[in-house]
Protein chains: 2
Amino acid sequence: MSYQETIQLNQVKVTSEFWQRYRDLVVKEVLPYQWQVMNDQANIDIADDPQNNGQDKNSHAIANLKIAAGRETGHHYGFPFQDTDVYKWLEAAAYSFSYHQDDNLKKITDELINLIADAQDEDGYLSTYFQIDEPERKFKRLQQSHELYTMGHYIEAGVAYYQATGNKKALQIAERMADCIDQNFGLKENQIHGYDGHPEVELALVRLFEVTQEQRYLDLAHYFLNQRGQNPEFFDEQIKSDGEERDLIAGMRDFTRRYYQAAEPIKDQQTADGHAVRVVYLCTGMAMVARHTDDQELLTACKRFWNDIVKRRMYITGNIGSTTTGEAFTYDYDLPNDTMYGETCASVGMSFFAKEMLKIEAKGEYGDVLEKELFNGALGGMSLDGKHFFYVNPLEADPAASKSNPGKSHILTHRADWFGCACCPANLARLITSVDQYIYTVHDNTILSHQFIANKANFSDGITVTQNNNFPWQGDINYHLENDNHKSFQFGIRIPQWSQDNLSVSVNGKQADVTIEDGFIYLTVNQANIDIELTLNMTTKLMRSSNRVKDNFGQIAVTRGPLVYAAEEADNEIPLWDYHVATEDDVTTYAYHADLLGGVGVIHLQATRERLDSADDALYQTLAEAPVKDKARLTLVPYYSWTNRSNGQMRVWLYR
Amino acid sequence: MSYQETIQLNQVKVTSEFWQRYRDLVVKEVLPYQWQVMNDQANIDIADDPQNNGQDKNSHAIANLKIAAGRETGHHYGFPFQDTDVYKWLEAAAYSFSYHQDDNLKKITDELINLIADAQDEDGYLSTYFQIDEPERKFKRLQQSHELYTMGHYIEAGVAYYQATGNKKALQIAERMADCIDQNFGLKENQIHGYDGHPEVELALVRLFEVTQEQRYLDLAHYFLNQRGQNPEFFDEQIKSDGEERDLIAGMRDFTRRYYQAAEPIKDQQTADGHAVRVVYLCTGMAMVARHTDDQELLTACKRFWNDIVKRRMYITGNIGSTTTGEAFTYDYDLPNDTMYGETCASVGMSFFAKEMLKIEAKGEYGDVLEKELFNGALGGMSLDGKHFFYVNPLEADPAASKSNPGKSHILTHRADWFGCACCPANLARLITSVDQYIYTVHDNTILSHQFIANKANFSDGITVTQNNNFPWQGDINYHLENDNHKSFQFGIRIPQWSQDNLSVSVNGKQADVTIEDGFIYLTVNQANIDIELTLNMTTKLMRSSNRVKDNFGQIAVTRGPLVYAAEEADNEIPLWDYHVATEDDVTTYAYHADLLGGVGVIHLQATRERLDSADDALYQTLAEAPVKDKARLTLVPYYSWTNRSNGQMRVWLYR
């Protein structure tokens, strides 16, 4: 593998106005709000949430830990993986310290570490559901228990918290968990020859390996990846011995082995099947282990999954998961817009996968997909006020359909306060607070700048990179590199696929002659100072999808830079399907509106609109009775910003 | 109400080649096959049937009756309404005697009447599930029990069998059932102030009234219609007292009151909501009672339901029911083609409704819809070999989607051998064997000829009507009326909506000057002989749907005469969405192929076809990279005949 950090990335300070607004929002609103929720102190309403699984308003997540720690009494409440809400929140908080020191929050999180330590069993085990209510069933029903998934999320949080604060206890908890898992799982006779129903612990173990250099943790992650699917009966055998009728989560037994990526060894799997979040968490772990172990078969499988997802199963916004049944992938080119899933967590997980693939290969496509997720698929999961969230992210929505067609009832047309299964809000929060970690990747002595998120970054050898821009609204990207030690290195800049048709780069004021290699341009740097000006092509583009995709046939989507745009009822007369957009040149205008939706670029698109047939007309008529078409103009806003004003129709794909 | 039969319709002998083939098929294949199935002697496979509800290959329907009759021992098997398979089959057989005397079949059906009589309780009750396994729960959980639905189906069969054969026992069983129901239900103190969860008995009781003239039966039907929804708590109260956890059919308790048309009095209901078959059975009963009682409020409700269904909730093929969840209507203009339901039974029931509305009003629209069902929505439910059936009738199908997108798994792309819930096959069989009853309606001294099904009909007063045609393939309709008694009457002929733009009628060889009144033309007849030649406009038409329907936007459907056409994989390269059909004049050609699909007219339609994007291409690209369009030709066959050759893609709506 090529990944070696000859140059070390020390710190990145995000200066992007766009991202800093979100990052401040997480500090100011999201973290306090979620902390309240987890402590059952928020006044939330999850009644209209199809994922609530009959839960009431309480999260009980902190209470579960307190009970497990012996500080309170009572029963566990919520899903078996309820603990993970806390861990993802903790991880998000840890990252926030890199740009917002907050003694009050730090006090809370330090105390939380103590609580978690108290809740942890002697042997390192921690899953409050089993500790409180069914200790005899530990590791006995891994298809549904989420025990390793839960501990994996703590391990991630513990590593992040240790890195952010130096809190050793946080790391020790993680190590004890990993040791517990290492003790219980493996190919030895007295060990469980299995794995968790929900991949996650693999990537977490590698993160722990990366900070501790403890080879056992990497080996354990590698074991889980190799073992997965080797015995397709594993879960069934466990269920048989645990008792058929003792499901931990209703309905989970009915999902196929492919849902769990457990039907065959993952190196043999040809397509990205099953629960989308499971797939991308698994792929992230695979990429990490492949990089550290040079397991070429695993890398081949990574690339195969990547291609299947990106070339055949991904929405233009980066969202993934075409069906609500199992929150899952379906089949190649099946991308319905109005019955889809597109879970926020899946876009977060896809960002992890892309980030890890960038460490393996300097390939612009990974950066393109990461950008797609950051600016669209993942970001749309949170409202502009930081207090409302999407679990499901549709590309087409209609309140009437959500209300009255049961096949679309999972599509909310407004973000919810919270979810019974609250995996998404904190997952997105941790992505936003750690977005500084998604801007650069270093290969040997090449610095890859793959995201246009304005920042100031310090590298080893006295290198600093200052990236200024007003992205995603403007395409002028300026870099100022300081290299006092005159170190010689390569500086690679990703040229997004959407800008490769019109590239302009100047170095120290002079037009540079550059070629794009696998999505990047490279400049050799050895002088003390260098200024790079890159002008990305920010023209509005009308995009079509492959005609292998049934559901987008005859339609276009509008993009500008990294942003996918959407028409919504707040700006346009409904129904939104009733427009034919013009597709010639110069049919769009663009303007930035500082006072709209936290500041957004708005696109106007020429169109004609059919006069609606009268409700008294026959439902079917000959083409002779064609409706009159009036000139019309569609107003589009960035997809991530939809339904922040009113609860109405929305469409990304528009008829030509 | 206007309906009075001054002239009586005595007998109609169907001579239509198209329909005679189906009617013979029912005699030769369907009835023997279904008899075998119900006696558990057929080698059927319902494994791939999403409606099988975990049932195995056996129907057990006859065995249930034998056990209830004390001739065998054992438990009931199947749905609580399993008996209705037998009754609908018996009704179909009864009608078949009108054109096919069959001593062997008659022996079987006479014996079946004896069996049913033996199975009936002293008090007239008959529902084998409750008799065999839960006698203490009779009428205790009407939301789910289907007891009146079941007895209603027998009443229909008993009346039909009595009318066909003169078997009085058959009628007596029906009368005893009705008496039992009359005893148990009503507003008296000791009666149940409720109704069945599945409307059906209302229409059956009116049929029994029509043959017996027993006013109690009409009153009882009227009671059920008035009572429905008066106490929206009725089902819940019964369930509470019967025991919450004792569901007869899993999941039925979760459906809303609107699913059962029990949320409010039916005269107050504004839209056709809930289970589609329930709605149209209910409407049929409403129309029948309204006609006999002159209940104008009920008639107004009938027309409101009719309009909501026909103008806002019906597929172009006549199919109804937009969602698989509850086999139900959704909301106005919601007509998805690939996730829809369109149950065969719902089209059969809609035919009943149309037939009854024709008795109330001489309005061509009722005949138009009846024709739509007979030639498309209902007829598509059976294969050309008479041995395979559709429960769900999609307007768009793709085996890959049915296999791999759970939201489409209910869409079979080939007709099944049988169903666990086998309501549809025999329902369609009884429609086909009684199609002679769907051709004429008499109002006072007006004979309305509303279906172009060739026949010879005898009326009272010595009137005979001979209708010759080669419909639906040709539009020349010839009538020869004999009127030896020189009776003066009106002869009304429905001019289908699809032919009103080009009308040609001649009487005794001379062009007649006629005007269309509410879809009919009328000729005054008083001479002994009259020849009428009507030429219907059989040009191929490209139809669009109201632009209020999202799912058909930008698409056309092809019709010719009464038939809706479909493109299927057997004739066309897939994917079928990948064509842009031409919409100018003269883009279609038509030819009849006697050797194809039992003889069908085939339409060729000019189109262009996009060359499929390469699987290696990016999933999304700019419009600049437009795919090449090649000239192409789509081959279309009648919708009813699809998937009789191979199991592949099918589309009714095609992109322009």
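Out of B:Ile309, B:Ile239, I need the residue that is out of contact with any Asp or Glu (no Cβ under 8 Å at 6 or more places or on another chain), in a helix (DSSP H, G or I) and within 14 Å of chain A (Cβ to nearest Cβ). Which one?
Working: B:Ile239 fails: within 14 Å of chain A (Cβ to nearest Cβ).
From the options B:Ile309, B:Ile239, the qualifying one is B:Ile309.
Taking the stated definitions as given, is B:Asp613 over 23 Å from A:Glu625 (Cα atoms), among the charged types (D, E, K, R) and at pLDDT 95 or above?
So B:Asp613 passes the test.
Give me the pairs: first residue in region A:609-623 and without any contact (Cβ under 8 Å) to a residue 60 or more places away in the chain, second residue of a type in the set (Phe, Trp, Tyr), beta-carbon distance under 6 Å, and six or more apart or on different chains, which are they?
Taking only residues 6 or more apart or on different chains, the pairs are A:Arg609/A:Tyr579.
Check off (1) away from chain B (no Cβ under 14 Å); (2) on the phi < 0 side of the Ramachandran plot; (3) of a type outside the set (A, V, I, L, M, F, W, C) for A:His486 and give me the number that stays unchecked.
All conditions are met except number (2).
Could you look through region A:394-418, keep only residues that are without any contact (Cβ under 8 Å) to a residue 40 or more places away in the chain and small (Gly, Ala, Ser), and pick out the one that is nearest to the other protein chains (Cβ to nearest Cβ)?
The qualifying residue nearest to the other protein chains (Cβ to nearest Cβ) is A:Ser404.
Please pick out the residue among A:Ser646, A:Ser614 that is under 23 Å from A:Gly377 (Cα atoms) and among the polar types (S, T, N, Q).
Within the list A:Ser646, A:Ser614, the selection yields A:Ser646.
For every residue, the table says whether it meets (1) in contact with a His (Cβ under 9 Å, 6 or more places away or on another chain); (2) closer than 26 Å to B:Glu134 by Cα; (3) at pLDDT 95 or above.
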{"site": "B:Thr212", "(1), (2), (3)": "no, no, yes"}
{"site": "B:Asp219", "(1), (2), (3)": "no, no, yes"}
{"site": "B:Glu233", "(1), (2), (3)": "no, yes, yes"}
{"site": "B:Asp242", "(1), (2), (3)": "no, yes, yes"}
{"site": "B:Lys267", "(1), (2), (3)": "no, no, yes"}
{"site": "B:His275", "(1), (2), (3)": "yes, no, yes"}
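Could we say that B:Tyr391 is touching a residue at least 12 places away in the same chain (Cβ under 8 Å) and either surrounded by fewer than 20 Cβ atoms within 10 Å (Cβ to Cβ) or farther than 30 Å from A:Thr339 by Cβ (or both) here?
Spelling it out, it is not the case that B:Tyr391 is touching a residue at least 12 places away in the same chain (Cβ under 8 Å) and either surrounded by fewer than 20 Cβ atoms within 10 Å (Cβ to Cβ) or farther than 30 Å from A:Thr339 by Cβ (or both).
Look through region A:313-327, keep the residues that are facing chain B (nearest Cβ under 8 Å) and in contact (Cβ under 8 Å) with a residue 60 or more places away in the chain, and return whichever of them is farthest from A:Asn376 (Cα to Cα). Step through it out loud before you land on a result.
Pass one, region A:313-327, residues facing chain B (nearest Cβ under 8 Å): A:314, A:316, A:322-326.
Restricting the remaining residues to those that are in contact (Cβ under 8 Å) with a residue 60 or more places away in the chain gives A:316, A:324, A:326.
Details: A:Ile316: 9, A:Thr324: 20, A:Gly326: 23 Å.
This residue is A:Gly326.
Would you mind listing the strands (runs of 3 or more DSSP E) fully within region A:552-621 where at least 2 residues are within 12 Å of chain B (Cβ to nearest Cβ)? Spell out how you get there, then give the answer.
Details: elements: A:555-560, A:563-568, A:579-581, A:588-593, A:600-610.
Strands (runs of 3 or more DSSP E) meeting the threshold: A:555-560, A:579-581, A:600-610.
If you check A:Asp121, A:Asp102, A:Asp110, which single one turns out to be surrounded by fewer than 18 Cβ atoms within 10 Å (Cβ to Cβ) and more than 29 Å from the chain's Cα centre (by Cα)?
A:Asp121
Sort out which residues of region A:511-551 are of a type in the set (A, V, I, L, M, F, W, C), in a strand (DSSP E or B) and within 26 Å of A:Ala607 (Cβ to Cβ), and write them in order of number.
A:Leu542, A:Met543
Take region B:564-590 and flag every residue that is among the aliphatic types (A, V, I, L, M) and under 29 Å from the mean Cα position of the chain (by Cα).
Hits for region B:564-590 are B:Val564, B:Ala566, B:Ala567, B:Ala570, B:Leu576.
Would you check which residues across region A:634-656 are surrounded by fewer than 17 Cβ atoms within 10 Å (Cβ to Cβ) and outside any loop (DSSP other than H, G, I, E, B) and list them?
Once the filter is applied, which keeps residues that are surrounded by fewer than 17 Cβ atoms within 10 Å (Cβ to Cβ) and outside any loop (DSSP other than H, G, I, E, B), region A:634-656 yields only A:Thr635.
Would you pick out the residues in region A:323-338 that are part of a loop (DSSP other than H, G, I, E, B) and over 16 Å from A:Phe553 (Cβ atoms)?
A:Thr324, A:Thr325, A:Gly326, A:Glu327, A:Phe329, A:Thr330, A:Tyr331
Being surrounded by 12 or more Cβ atoms within 10 Å (Cβ to Cβ) and either without any contact (Cβ under 8 Å) to a residue 60 or more places away in the chain or in contact with a Phe, Trp or Tyr (Cβ under 7 Å, 6 or more places away or on another chain) (or both) is the filter here; which residues of region A:582-592 pass it? Even if it seems obvious, please write down each step before you answer.
So in region A:582-592, the residues surrounded by 12 or more Cβ atoms within 10 Å (Cβ to Cβ) come out as A:582-583, A:587-590, A:592.
Correct list: A:Ala582, A:Val587, A:Thr588, A:Thr589, A:Tyr590, A:Tyr592.
Which of the residues that make up region B:252-299 are among the aromatic types (Phe, Trp, Tyr) and touching a strand residue (DSSP E or B) at 6+ places or on another chain (Cβ under 6 Å)?
B:Tyr259
Pairs please, first residue from region B:530-551 and within 14 Å of chain A (Cβ to nearest Cβ), second anywhere and assigned to a strand (DSSP E or B) and aliphatic (A, V, I, L, M), Cβ atoms under 7 Å, 6+ apart in sequence or on different chains.
B:Thr540/B:Val558; B:Thr540/B:Ile603; B:Leu542/B:Ile556; B:Leu542/B:Val558; B:Met543/B:Ile556; B:Met543/B:Ala557; B:Arg544/B:Ile556
Can you tell me which residue in region A:458-505 is nearest to A:Gly601 (Cα to Cα), limited to those that are surrounded by 14 or more Cβ atoms within 10 Å (Cβ to Cβ) and among the hydroxyl-bearing types (Ser, Thr, Tyr)?
Once the filter is applied, the top-ranked residue is A:Ser499.
Go through B:Thr293, B:Thr284 for me and flag whichever is crowded, with 18+ Cβ neighbours inside 10 Å, in the same structural domain as B:Asp332 (by TED's automatic domain parsing) and either in contact with a Pro (Cβ under 9 Å, 6 or more places away or on another chain) or closer than 15 Å to B:Ala221 by Cβ (or both).
None of the others qualify; the one that does is B:Thr284.
Looking at this structure, is B:Tyr522 surrounded by fewer than 21 Cβ atoms within 10 Å (Cβ to Cβ), touching a residue at least 60 places away in the same chain (Cβ under 8 Å), hydroxyl-bearing (Ser, Thr, Tyr) and not assigned by TED's automatic domain parsing to the domain that holds B:Lys631?
Spelling it out, B:Tyr522 is indeed surrounded by fewer than 21 Cβ atoms within 10 Å (Cβ to Cβ), touching a residue at least 60 places away in the same chain (Cβ under 8 Å), hydroxyl-bearing (Ser, Thr, Tyr) and not assigned by TED's automatic domain parsing to the domain that holds B:Lys631.
Can you tell me which residue among B:Tyr154, B:Tyr195 is closer than 24 Å to B:Cys345 by Cα, of a type outside the set (A, V, I, L, M) and not in a loop (DSSP other than H, G, I, E, B)?
B:Tyr154
Just for region A:641-656: of the residues that are among the charged types (D, E, K, R) and more than 9 Å from A:Ala566 (Cβ to Cβ), which one is farthest from the other protein chains (Cβ to nearest Cβ)? Before you say what the answer is, go through the steps one by one.
Our first condition is that a residue be among the charged types (D, E, K, R); within region A:641-656, this holds for A:645, A:651, A:656.
Now narrow it down to the ones that are more than 9 Å from A:Ala566 (Cβ to Cβ): A:645, A:656.
Numbers: A:Arg645: 22, A:Arg656: 8 Å.
That would be A:Arg645.
Please pick out the residue among A:Ala378, A:Ala426, A:Ala454 that is of a type outside the set (Phe, Trp, Tyr), in contact with a Lys or Arg (Cβ under 8 Å, 6 or more places away or on another chain) and either more than 14 Å from every other protein chain (Cβ to nearest Cβ) or in contact (Cβ under 8 Å) with a residue 12 or more places away in the chain (or both).
Working: A:Ala378 fails: in contact with a Lys or Arg (Cβ under 8 Å, 6 or more places away or on another chain); A:Ala454 fails: in contact with a Lys or Arg (Cβ under 8 Å, 6 or more places away or on another chain).
None of the others qualify; the one that does is A:Ala426.
Residue by residue, here is whether (1) without any contact (Cβ under 8 Å) to a residue 40 or more places away in the chain; (2) among the aliphatic types (A, V, I, L, M); (3) assigned to a helix (DSSP H, G or I) holds:
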| residue | (1), (2), (3) |
| --- | --- |
| A:Ala204 | no, yes, yes |
| A:Leu208 | no, yes, yes |
| A:Tyr217 | yes, no, yes |
| A:His222 | no, no, yes |
| A:Leu225 | no, yes, yes |
| A:Asn231 | yes, no, no |
| A:Arg253 | no, no, yes |
| A:Tyr281 | no, no, yes |
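Consider region B:622-633. How many of its residues are under 14 Å from A:Phe553 (Cβ atoms) and either more than 9 Å from chain A (Cβ to nearest Cβ) or surrounded by 21 or more Cβ atoms within 10 Å (Cβ to Cβ) (or both)?
1
The values are calculated or read from the model by the stated rules, or taken from the named source; none is laboratory data. Just so it is clear, the model here is predicted, and its values are computed rather than measured. Cβ sites come from the backbone with ideal geometry, for glycine too, and all protein chains shown count toward neighbours.
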